[in-house]
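The values are calculated or read from the model by the stated rules, or taken from the named source; none is laboratory data. For clarity, every value in this text was computed on a predicted model and none was experimentally measured. Every residue, glycine among them, receives a Cβ derived from its backbone with ideal geometry; neighbour counts consider all protein chains shown. We work out accessible area using only protein heavy atoms, side chains counted, and drop any ligands, DNA or RNA first. Shrake-Rupley method; radii C 1.70, N 1.55, O 1.52, S 1.80 Å.
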Amino acid sequence: MARTTEQDKVRELQRTLYRAAKADPERRFHALHDKVYRRDVLERAWELVRANRGAAGIDRQTIADVERYGVGRLLDELAADLREGRWRPLPARRVFIPKPGREELRPLSIPAVRDRIVQAAAKTVIEPIFEADMLECSFGFRPGRSAHDALQVLVDEAWRGRRWVAESDIANCFEAIPHSKLMSAIEERIVDRQILKLLRAMLRAGVMDEKAVTRSAAGTPQGGVISPCLCNVYLHRLDRQWTERGHGVLVRYADDMVVMCRSQAEAQRALEALREILSELGLTLKDAKTRIVELREGGEGLDFLGFHHRWVRGHTPASRHLHFLARWPSRQAMHHARERIRQLTDRQRLHAPVEEVVQDLNRFLRGWAGYFRYGNSAVAFDTINQHAYARLAGFVAKHHKRRTRYGWGVLGASPDRMGLISLSGTIIAPRPNRPWRRAR
C-alpha cells in the first residue's frame, strides 16, 4: 500500500509538470532540482533500474550488491550527494554487442548502478516537460507510444495512396549528438542551473574502454537510462523543422525513420529535406540504409522496426480484388529468433534441468510472439514453432546421451510437448484505419 502511494505521488508530479508545460509552450522551468532527490522519485528510479536488470558498471557493483548493501542506505546517500552538489558520475563501461543478423557491433555504454538511478530520477522529472512538446511523428521511447503505433501509420498511409517510401536512419545517432546543441535544446524548457549542471555531468562522464577513459563533445551513449529521452529532445528539432520543410508523412522511431510519399519525386525531395535538416543539427543519414522503395505488388518491400513490409493482393476469393500492406517478421528478426533458441538449447546448458530450459524457451517465445503477433506472421510463427520443437528434441536427446530420435519420441509422447508453448492461433492481422490496440 505504501509503495503504491509513493508511485501515485510520482505520477502526480509528472502529470503536474506535463500539464504546466502543455498549458504554456513558452514556459521555462527553474525549480526542478529538489524533485530529483525526492525520496519517492529516487525509489521509483531504483525500481526502474532493478526491473531492467542491467550489468555492472566500471565499479563492478551489481543490482544484487546494492540489495546486500541496503537500498534505503544507498538512496539516502544519493539524496544527500545530489542535495549538496557532491554527486559525480563515473565513466561508463564500454562493451560491444552484435546487431541481430549482422556482423556489425553496437557500442553500449553501461553506467554504474548508482549513476543509472540518478539518470532514471532525472528522466522521471524532465521527461513530462518535453513530452508536452513532442509531435505525432515521433514514436520511439515515449510513454504511451509503441513501435506498433508507428507501424499502424504505415498501414494507414499506404492504404491512402502513399506508397513511395523514403527509408533511412541517422548514422551513429546516439554517439554523434553535439552536447552544445543538445543543451541548447534542453534550455528551451529548463533553466534550473542545478539540473543543467547535472545533465552536463552525465554527458561528460565519458566511457572506459580497455582501461582508458575517453570523453567527447558529442554523444548521449546507448546504454544510459536517460539517453533515449535526450535523443528525443534533440530530434524534436528535426520533427519541428519537418512540419515546415518536409515532404510526405514522417514516421520516426528514435533514429530510425521512414517517410510515406505519393510519388517518387516527393520521396526524393523528402530525402533531400532530411539530409539538409540533419546537417544543420550536426547529424547525417546512414548511406547504407538510405533508399527509396515503391510499395507495389511483386515489389521488394522494406524492413522497419523488425517487420518486413510488402504490398500484396488478398488470397481469398472474396479479397482477390483488394491490395494492402502486409507485414511479417523480417529476415533479421527470424535469424535472431533462431539464434536465441539455439543459445537456449546449446549443449553447454546440458547441466541444466530440461524443465529450466523449457521455461527459458517459453519466456523468449512469449516475448517474441507478443511483438510479432500483430502482423501477417502465421508462416513465420510456424517456422519458429518447428525450430524450437526440433531444438528441444535435440536437447532432450543429448541430455540423456541418446540419439536425436529419442528426443523426438519423448516430446511426441508428452501431451503438452513437455510444457513448450505453441505460437499457433495468436496472430492479429493489421487493418487500415483501425488502431492496433482496438484489435486485441
Open item on the list: Could you work out [θ]222 nm for the chain from helices alone, using -39500 (n - 2.57) per DSSP H run of at least four and dividing by all its residues? Round to the nearest 500 deg cm²/dmol.
Closed with: -16000 deg cm²/dmol
Open item on the list: Please report the net charge: other residues with Cβ closer than 13 Å to the Cβ of residue 124, K and R +1, D and E -1.
Closed with: +2
Task: Environment charge at residue 207 (Cβ cut-off 15 Å; Lys +1, Arg +1, Asp -1, Glu -1) - done: +2
TODO: From largest accessible area down, sort 351, 309, 33; use a 1.4 Å probe on the protein chains.
DONE: 351, 33, 309
Open item on the list: Taking 0.36 nm per residue of sequence separation and subtracting the Cα-Cα distance, how much length would be gained by fully extending the chain between residue 60 and residue 83, in nm to one decimal?
Closed with: 5.7 nm
Task: Accessible surface, the chain, averaged per residue in Å² (probe 1.4 Å) - done: 49 Å²
TODO: Convert each backbone phi in region 366-379 into a coupling constant with the Karplus relation 6.51 cos²θ - 1.76 cosθ + 1.60 (shift: θ = phi - 60°), then list the ³J(HN,Hα) values in order as whole Hz, x for Gly and Pro.
DONE: 5, x, 5, 5, x, 7, 8, 5, 8, x, 8, 10, 4, 5
- [ ] Just subtract the alpha-carbon distance of residue 263 and residue 39 from 0.36 nm times their residue separation and send over the number in nm, one decimal.
- [x] 75.2 nm
TODO: Tell me which residues come under 5 Å, amide H to amide H, from residue 58 once H is placed; ignore anything under 5 positions away on its chain.
DONE: 93, 112
Task: Where the Cα pairs of region 383-440 fall when distances are cut into 10 Å bins, in % - done: 21, 36, 18, 15, 9, 1
TODO: Might you work out the accessible area of residue 77 for me, using a 1.4 Å probe with all protein chains in place, and round it to the nearest 10 Å²?
DONE: 60 Å²
Task: Gyration tensor (Cα) of region 256-340, equivalent ellipsoid semi-axes in angstrom - done: 29, 20, 8
TODO: Give the Kirkwood hydrodynamic radius (Å, one decimal) of region 1-127, defined as one over the mean of 1/r across all pairs of different Cα atoms.
DONE: 16.2 Å
- [ ] Using amide H atoms built 1.01 Å from N in the peptide plane, name the residues 5+ places from residue 374, or on other chains, whose amide H lies under 5 Å from its own.
- [x] 428
Task: Whole-Hz couplings from phi, Karplus 6.51/-1.76/1.60, listed for region 58-71; x for Gly and Pro - done: 5, 7, 6, 7, 9, 4, 4, 4, 4, 5, 5, 5, x, 4
Task: Equivalent-ellipsoid semi-axes of region 64-212, from the Cα gyration tensor, Å, largest first - done: 34, 21, 17
- [ ] Would you check the accessible area of residue 209, probe 1.4 Å, heavy atoms only, in square angstrom rounded to 10?
- [x] 60 Å²
Task: Inverse mean reciprocal Cα-Cα distance (Kirkwood Rh) of region 2-63, Å - done: 13.8 Å
Open item on the list: Based on alpha-carbon centroids, what's the gap between region 281-343 and region 20-49 in Å, whole number please?
Closed with: 39 Å
Task: Compactness relative to 2.2 N^0.38 Å, alpha carbon Rg of the chain - done: 1.09
Task: Pairwise Cα inverse-distance average, inverted: Kirkwood Rh of region 27-90 (Å) - done: 13.0 Å
TODO: Select from region 81-155 those trypsin sites (Lys or Arg not before Pro) which occupy a DSSP coil region and have at most 11 other Cβ atoms within 10 Å, ordered by residue number.
DONE: 86, 102
Task: Solvent exposure, largest accessible area first (probe 1.4 Å, DNA, RNA and ligands not counted), of 22, 289, 211, 35 - done: 211, 22, 289, 35
Task: Part-to-part distance (alpha-carbon centres) for region 264-278 and region 165-226, which is given in Å - done: 26 Å
Task: Spatial extent of region 289-404: Rg and Dmax, with the Cα atoms as the point set, Å - done: 18.1, 56
Task: residue 169 accessible area, 1.4 Å probe, all protein chains in place, Å² to nearest 10 - done: 10 Å²
Task: Calculated over region 80-167: convex hull of Cα atoms, volume per residue (Å³) - done: 162 Å³
Task: Rg/Rh for region 211-306, where both radii come from Cα atoms and Rh is the Kirkwood radius - done: 1.03
Open item on the list: Can you tell me what percent of all Cα-Cα pairs in region 156-196 are more than 16 Å apart?
Closed with: 62 percent
